[in-house]
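Below you'll find the structure, written out as structure tokens, and then a few comments.
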Amino acid sequence: MCYNTFVMVKERSRARSIAALKRRRQKLLAEATTLWLLICGSSFERFSTCSREQCACHKGHRHGPRTYVVVTDQKIQKQHYVPKEQVEAAEKGIRQYRRLWEIILEVTRINLELMRRNALKER
């Protein structure tokens, strides 16, 4: 194979690779738009005692488990009670947030690779 043919084949391969990176980025960004339950936090369960002194919870039969979501906002951690009927949605929101973060990291890697190949351009 002559040098000119080799360069042309290499350029076509590079162009296909860049196009594949851009398609992957678009697919990830499209997925990101479907993540609408986002909750930036974590969840935990705990048992509690109430204020009624005669309640069985004071003798070891605590209330619960109750689910809470912990969110850090401006370096302050807050716990939010999650009603039983909302636990599944809250857990899904936490999973969606984690997926969004994965998408952001992957799009960043793609953009850095496009930049390295001098193919990162504004629309």
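Only the coordinates and a few stated rules stand behind these numbers; no lab work does. Keep in mind that this is a model prediction, so the values were computed, not measured.
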Hydrodynamic calc, the chain: Kirkwood Rh from Cα pairs, then Stokes-Einstein at 25 °C with viscosity 0.890 mPa s, so D in µm² s⁻¹ is 130
If amide H atoms are built 1.01 Å from N in the plane of the peptide, which residues on other chains or at least 5 residues away come under 5 Å of the amide H of SER43?
VAL70
Tell me the mean residue ellipticity at 222 nm calculated for the chain from its helices only (DSSP H runs of n ≥ 4, each -39500 (n - 2.57), averaged over every residue, nearest 500).
-17500 deg cm²/dmol
